[in-house]
1. For the protein assembly as shown, report the % of Cα-Cα distances exceeding 50 Å.
2. If you put a point 7 Å past Cα along the Cβ direction, how far is that point for A:V17 from the same point in each other copy, in nm, smallest first?
3. Can you grab the distance from the C-alpha centre of the range A:1-63 to the C-alpha centre of the range B:219-256, Å, no decimals?
4. Put simply, what bits of the range A:10-25 lose 20 Å² or more of accessible area when the other protein chains are there, versus the chain on its own (1.4 Å probe)?
5. Quick query: amide H of B:V298 versus all other amide H atoms, modeled in the peptide plane; which residues come in under 5 Å with a sequence gap of 5 or more or a different chain?
6. Calculated from DSSP H runs of 4 or more alone, at -39500 (n - 2.57) each and per residue, what is the 222 nm mean residue ellipticity of the protein assembly as shown, nearest 500?
7. Which whole-Hz couplings ³J(HN,Hα) result when phi for each residue of the range A:348-357 is put into the Karplus expression 6.51 cos²θ - 1.76 cosθ + 1.60, θ = phi - 60°, listed in order with x for Gly and Pro?
8. Can you compute 3J(HN,Hα) from phi for each residue in the range A:149-160, using the Karplus curve 6.51 cos²θ - 1.76 cosθ + 1.60 with θ = phi - 60°, rounded to whole Hz and x for Gly and Pro?
2 protein chains.
Amino acid sequence: MKERTSPVGLHRVLEPVGVLPQAAWQLDASPEIGADEVRIAVQKLNLDAASFRQLTTKHGGDGAAVRAEVLEIITNRGKMHNPVTGSGGMLIGTVDAVGPDSPLGLSTGDRVATLVSLTLTPLTITDGLSTWDGQGEQVPAAGHAILFARSIAAVLPDDLDPALALAVLDVCGAPALTDRVVRRYASSDRQATSRQPQSRPTVAVLGGAGKSGSLSLAAARRAGARTVGIVPTEAEAESLRGAGIANHVALADARSPVALAEAVTDELGGPADVTVVCVDVPGCEHGAILATAPGGTVIFFSMATSFAAAALGAEGLAADVTMLIGNGYLPGHAEFALALVRAEPAVRILLEARVHAETSGTRIQTADSAEVRQAAG
Amino acid sequence: MKERTSPVGLHRVLEPVGVLPQAAWQLDASPEIGADEVRIAVQKLNLDAASFRQLTTKHGGDGAAVRAEVLEIITNRGKMHNPVTGSGGMLIGTVDAVGPDSPLGLSTGDRVATLVSLTLTPLTITDGLSTWDGQGEQVPAAGHAILFARSIAAVLPDDLDPALALAVLDVCGAPALTDRVVRRYASSDRQATSRQPQSRPTVAVLGGAGKSGSLSLAAARRAGARTVGIVPTEAEAESLRGAGIANHVALADARSPVALAEAVTDELGGPADVTVVCVDVPGCEHGAILATAPGGTVIFFSMATSFAAAALGAEGLAADVTMLIGNGYLPGHAEFALALVRAEPAVRILLEARVHAETSGTRIQTADSAEVRQAAG
């Protein structure tokens, strides 16, 4: 057993020395664990969408070439950290060794999903990814991964399909943070904005029909908000209307600031107290700011967010809004999101349709509305 | 007079249509103003440091070539928006026309600094920048600029040197937001963290001897915090200690997460409730997160901040911290910062030394400690 270990994994950093595992070029992925580490027997990698898209595009859809490059990255870096996109993904597997000082509460044999990025998770692949065709983000794999004392993993629930659970856990920070922020606005001691103190806060979710978007809409309404889901296509609008998880649904291109702000204002009767950005395309910062009331909050969950565009945009619009970088971690976030899916059948069906579309390789943009409507009713 | 104008300047966008002025490639900088616009007779441009550095490097320090490219950018784009760095700067001038519906409260003859970026300010230069040698960020210029209804400008105070006032106004969002966040932690009804409810909140400012850093330190202490200023060199440490605006001063490289967190923890007796990032170099996100207590807040003012590094970093560290994108605008931010400089002679002397160094083209890293100490005493 390794002697001295760091709770954030510094002892696994090979190059450059002194940085955190995520910033490292190369990690030590050896299987021997420290006293506060956990080893996972890997079953499946779930590659980040941006990373998989980049690799597929680079290799013109040649699955064998994509597989070879993923293997090469993991072998060279000791982690699945795409050097072009800077992103990783997550994995599922079974706990096969727990150090005596691990604070994660895991036991040997637990089936878990890691909730920290693959970009900082020591990883070794032993099967050459031989059962993966390189054609999808879900990668069957054998090997091992290491969790540190400050890593996070969730035990997969028995009552949910693992693919659905993984999809929910992948974005579970979004509904949890939305809940926290909306409750702050809903609490009676909050600073009054232009609204009446006793009225419900209003929330706009950009990309409301997606995974993080639909969970955030459901969380916002449960926290006491009146909500609008903004979607880019009529098909998504119909799907979201059918699900009934938003009070209002509107069509708008989130990259078009004025059109977006008008859509939000029309539906809510004014700009939103809280705007949640779940659209994974660049250029949504100005619209989100313009759609938010003075004293309001914008939560940026999209990894396509530009820090400079947000900072300079708010200044240029003289907008007194609080802008949050969406933190993927909050205490209890996994349990919160899974409970939301159990409590909201319409959200579950929306998500299942998305997961099914991703797994089967087809990119359908909408759940089956009739089915969703039935669940909501 | 132009007929219908947009408060955010959409009517001045030539290409591409439908985006906000900052996102536009080209603006209409014609001098005729709309009913809610203001025209400024330009006296000086203050180029953004990153923009000027890029141009100087590109042209190998050839001032004439730098001047020619600045002129070309303004002529082509109708604004000073460096296409490589994406940044602009600010300007000072005199109000020479005010539309009847302008809400900015300006009068003809007022000497003002614009507090919105040059990247969204319609600008025409009429003197070919003939009195500028291309060797410094301060650009004497003649021409005109346009302010929209939602632009922001501050009347330059009579009692402060214009160069000092400009430097303060350039970063005035930082102390104002620091004040707001610290007061939230200091208020008695706040959620208790690990600290005793009645103890003072603690604040770490990375880059505490710089312009935004020293103002943020002074604002934090006035808001009731116990503070530590983190600086990279012994000369800056001595200067900041001499000024006496921080309770503690420590040396650390903000890009080295573990060393930074240790320095903060050693000085404050634990991680900070609020960490303010004012260091304009990439790679400070992980250290700032690691130096902040659970339930604490990180305010990112540095334009070198990476959204992805912050979001994934907090998740990877399982850090329950609120991360704010530093908004350059808060109501009353200019008056707040100027009042701070008047009330804190040591801050004023630190800033004057910085401004003097920049204006004279030499890059000294420290104010004169004896002078600063005297002012603080």
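The values are calculated or read from the model by the stated rules, or taken from the named source; none is laboratory data. Computed from a predicted structure; not experimentally measured. All Cβ positions, glycine included, derive from the backbone under ideal geometry; neighbour counts span all protein chains shown. Note: areas computed on protein heavy atoms with side chains; ligands, DNA, RNA excluded. Shrake-Rupley method; radii C 1.70, N 1.55, O 1.52, S 1.80 Å.
1. For the protein assembly as shown, the fraction of Cα-Cα distances above 50 Å is 15 percent.
2. 6.2
3. Result: 35 Å between the Cα centres.
4. Hits at the 20 Å² cut-off: A:L10, A:G18, A:L20, A:Q22.
5. So B:V298 has HN proximity to B:T275, B:T322, B:M323, B:L324.
6. Per the formula, -10500 deg cm²/dmol.
7. 4, 5, 4, 5, 4, 5, 5, 5, 4, 4
8. Couplings: 4, 9, 6, 9, 9, 10, 6, 5, x, 6, 8, 10 Hz.
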